1. Taking only C-alpha pairs under 8 Å that are 6+ residues apart, what is the relative contact order of segment 1-71 in percent?
2. What does the charge add up to near Phe219, with Lys and Arg as +1, Asp and Glu as -1, over the other residues with Cβ less than 11 Å from its Cβ?
3. Near Lys349, which lysines are there with a Cα under 29 Å away, not counting those fewer than 8 places off in the same chain?
4. Taking the dipole about the Cα centre of segment 1-71, with the C-beta of Lys and Arg at +1 and of Asp and Glu at -1, give me whichever of Ala14, Phe32, Gln47 is farthest to the positive side.
5. State the answer as a single residue: which of Ile264, Ala338, Ala388 lies farthest towards the positive end of the charge dipole of the chain, with beta carbon charges of +1 for Lys and Arg and -1 for Asp and Glu, about the Cα centre.
6. I'd like the antiparallel share, as a percent to the nearest 5, of DSSP beta bridges with both residues in the chain.
7. Just want to confirm a number: the relative contact order over the chain, from Cα pairs under 8 angstrom separated by 6+ residues, in percent.
8. What is the Cα radius of gyration of the chain over 2.2 N^0.38 Å, N being its residue count?
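The values are calculated or read from the model by the stated rules, or taken from the named source; none is laboratory data. Just so you know, these numbers come straight off a predicted model, no measurement behind them. Using ideal geometry, Cβ is built from the backbone for each residue, glycine included, and neighbour counts are taken over all protein chains shown. When the accessible area is computed, the model is the full protein with side chains, heavy atoms only, and any ligands, DNA or RNA have been set aside. Shrake-Rupley method; radii C 1.70, N 1.55, O 1.52, S 1.80 Å.
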Amino acid sequence: MPANLPPEAKAKLAKYSDAKSIEEKIQALEEFLSAVPKHKGTENIRQWARRRLAELREELESRRRRRGGGGPRIFIEKAGAAQVVLVGPPNVGKSSLLQSLTNARAQVAPYPFSTTRPVPGMLQYEDIQFQLVDTPPLVLDQPDSPVNNRVIGLVRNADAVIIVVSLASDDPAGDLVRVLKFLEERGIVVTPQKGIVRVKKDRSQTGIRVILRGRMVGFTEDDLRRLLGQYRIYNAVVEIEGDVTLEDVEESLFSTRMYKPAVIAITHPRAKGARRKALRLKKVILEGVPVLVGDARSGRGFERLGEILFKTLRIIRIYTKQPNKEPDPNPLVLRVGATVIDAAKRIHKDLARKFKYAKIWGPSAKYPGQRVGASHVLADRDILEIHAD
Ligand SMILES: Nc1nc2c(ncn2[C@@H]2O[C@H](COP(=O)(O)OP(=O)(O)O)[C@@H](O)[C@H]2O)c(=O)[nH]1
Ligand SMILES: [Mg+2]
């Protein structure tokens, strides 16, 4: 945690988060590392900065290779309602899952490291789709391998992860523990959080606007402004869900820890010793993280993956309509807690500015066609008609 960082170190972090290019980010982090005093209280943030630097250098390097002649592409453009990456050791069935659950054709092979680049595929869930992304395997015995940096880059950028472990492994429980530890060390937390905070810098916004869907624990909006000011953040939207402390806000600025919704997928249900291994595995599974067991090749056992991702991602579907017309069959996908004005913004900036009122049908409406204002909280499957000037 940025525990009592000197002002110049904070300024460097501000520079880092303002940086547009990878080169600028690398420079700002290097400067940060030389500005931060070395003691126990700054250990975590220094470790975060060093790892982030390694990842950025890796990304820069691979861009250069790509420019030089088409090396592997690292990032996959998002599609559908959410991007979900499959991660895990080699040969656990990541590519098989992608094949059995989506339209994609990943390389499945009985030898490790057959997947060398990320491959996307779409998983249908009711009327939306999730983008699953197969990744190269984690090299758990070499935590600082460049392959791992690439996978972590994908995880950071994704909306959720599926951690895949196989009962055909000698020690599936140990595999899971190692994957979780690896993610944790890279600042990725997969257990549901008490509170979530997002700070979005926004030039079109004057001052700090707080969207409160939870509680600010032990601090006021003035304290929040003062803290953000130290990091030269003057125009931003701060979203708060659940119980959030001022430290949580500070931590969120530099994503030293980042919550990533996760599902654990256990494969090879008929492997030798599966029952015994599954019992040990159960002991290391984290509270609040859903688990599915099935055969990755046929997809049997993973039928509810879409539904579980939907719940874990905490999203809702909103169908918009024009007056006297049928609702659009393609829903907007928003977060749980989203309001009418969030939906309007998603459709068009102007619509949010010119918003007058809305009409609602569905779960959040007291009666069909209820007239509501901008701050009305939406629910999954609502139908929304926005009236603007
Ligand atoms: N019996 C069985 N074999 C599987 C399962 N998942 C994967 N395999 C096999 O294990 C090997 C490695 O699978 P693959 O999907 O390439 O693993 P990856 O390295 O994690 O992508 C392949 O020969 C698959 O056919 C499963 O759930 N059950
Ligand atoms: Mg593979």
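1. Once divided by the residue count of segment 1-71, the mean separation gives 33 percent.
2. Counting the neighbours of Phe219, the net charge comes to -3.
3. Reachable lysines: Lys15, Lys20, Lys78, Lys200, Lys201, Lys260, Lys311, Lys321, Lys325, Lys359, Lys366.
4. The Cα lying farthest towards the positive end belongs to Gln47.
5. Selected residue: Ile264.
6. Bridges in the chain that DSSP calls antiparallel: roughly 45 percent.
7. Relative contact order here is 13 percent.
8. It is 1.06.
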